[in-house]
Amino acid sequence: MKPAYTNMRNFWLDVKNLENRKGIIEIGPEHICVAGIEMALADGAETKHLFLATNSLGDSSLYFENNSKSGLGGMIGGHGNEALQTAAARMLAHASKLTSSMQAQTVPADLPAPSMPGKVRLFAVSKEKLFHTEFTEEELREPSHPFYPFFAYSQQAVGFFRAQQTQSSAGQA
């Protein structure tokens with residue numbers, strides 16, 4: 001992974017980065033503050049990653065490895081985009097209900113990124129633990145899958161980011 005991508009990923013996986021921000025709401029029995037997904041994607045012979053995270057303040061970020069000098073692209077959103085905030089809040093709510101079906105660990109930096117294209121890691125972060133699980137994208141697209149709502153809302157959030165980027169690009173043209 002590119003260092004810039006790794007730095008942004010590690011920021012979101014460590015809820016201690018939010019400790020001094022007012023308004024953090026802890027959701028569910030495990031007090032979740034951050035939730036998101038990370039996907040491995042094929043780019044020719046290379047595997048690159050996409051990372052989406054949202055927090056209980058209503059902020060969301062989307063990062064992806066690319067071929068730029070820094071190796072990182074991304075967007076920040078949430079405030080002023082009600083549809084994105086709604087999808088992100090629902091993703092966070094579903095994540096908080098599913099922590100008992102995820103693995104838990106206390107050291108966020110020890111979580112490797114998904115290594116194979118088509119793999120999706122879903123995660124939830126509390127002040128004490130990082131919860132995570134991994135499935136194939138194909139599995140998560142099945143409406144009967146217990147993590148389907150979590151994944152579906154994450155994909156809505158990605159779609160809202162893409163629409164926001166398209167509008168921004170059209171406005172600059």
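When residue 69 is tested against (1) at pLDDT 90 or above; (2) more than 18 Å from the chain's Cα centre (by Cα), just one condition goes unmet, and that condition is (1). For the criterion of being open to solvent by 20 Å² or more (accessible area, probe 1.4 Å), out of contact with any Cys (no Cβ under 7 Å at 6 or more places or on another chain) and in a loop (DSSP other than H, G, I, E, B), residue 70 passes. Contact map, segment 76-104: residues that are of a type in the set (Val, Ile, Thr) paired with residues that are modelled with pLDDT under 95 and surrounded by fewer than 19 Cβ atoms within 10 Å (Cβ to Cβ), Cβ distance under 8 Å, separation 6+ or inter-chain. Pairs shown: 76/59; 99/28; 99/29. Only one of the listed residues (35, 40, 53) is within 15 Å of residue 7 (Cα to Cα), of a type in the set (A, V, I, L, M) and within 14 Å of the chain's Cα centre (by Cα). That residue is 53. Only a single criterion out of (1) under 16 Å from the mean Cα position of the chain (by Cα); (2) open to solvent by less than 50 Å² (accessible area, probe 1.4 Å) is not satisfied by residue 145, namely (1).
Being touching a helix residue (DSSP H, G or I) at 6+ places or on another chain (Cβ under 8 Å), aliphatic (A, V, I, L, M) and surrounded by fewer than 22 Cβ atoms within 10 Å (Cβ to Cβ) is the requirement here; does residue 24 meet it? Yes: the conditions hold for residue 24. Applying the condition of being among the aliphatic types (A, V, I, L, M) and either part of a strand (DSSP E or B) or open to solvent by 50 Å² or more (accessible area, probe 1.4 Å) (or both) to segment 78-115 and asking which residue is nearest to residue 141 (Cα to Cα) yields 89.
Per-residue answers, yes or no, for (1) in contact with a Ser or Thr (Cβ under 7 Å, 6 or more places away or on another chain); (2) among the small types (Gly, Ala, Ser); (3) buried (at least 16 other Cβ atoms within 10 Å of the Cβ):
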| site | (1), (2), (3) |
| --- | --- |
| 10 | no, no, no |
| 16 | no, no, no |
| 20 | no, no, no |
| 32 | yes, no, yes |
| 39 | no, no, yes |
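Residue 118 meets each of the listed conditions (1) within 17 Å of residue 61 (Cα to Cα); (2) open to solvent by less than 60 Å² (accessible area, probe 1.4 Å) apart from (1). Sub-6 Å Cβ pairs linking a first residue in segment 131-149 that is assigned to a loop (DSSP other than H, G, I, E, B) to a second residue that is open to solvent by 40 Å² or more (accessible area, probe 1.4 Å) and not β-branched (Val, Ile, Thr), at least 6 apart or interchain, are 145/139, ordered by first then second residue.
Looking only at residues in segment 121-142 that are out of contact with any helix residue (DSSP H, G or I) (no Cβ under 6 Å at 6 or more places or on another chain), closer than 24 Å to residue 27 by Cα and open to solvent by 50 Å² or more (accessible area, probe 1.4 Å), the one that is modelled with the highest pLDDT is 134.
The values are calculated or read from the model by the stated rules, or taken from the named source; none is laboratory data. Just so you know, these numbers come straight off a predicted model, no measurement behind them. Note that we place each Cβ from the backbone using ideal geometry, even for glycine, and neighbour counts take in every protein chain shown. These area figures cover heavy atoms from the full protein model, side chains too; ligands, DNA and RNA do not enter into them. Shrake-Rupley method; radii C 1.70, N 1.55, O 1.52, S 1.80 Å.
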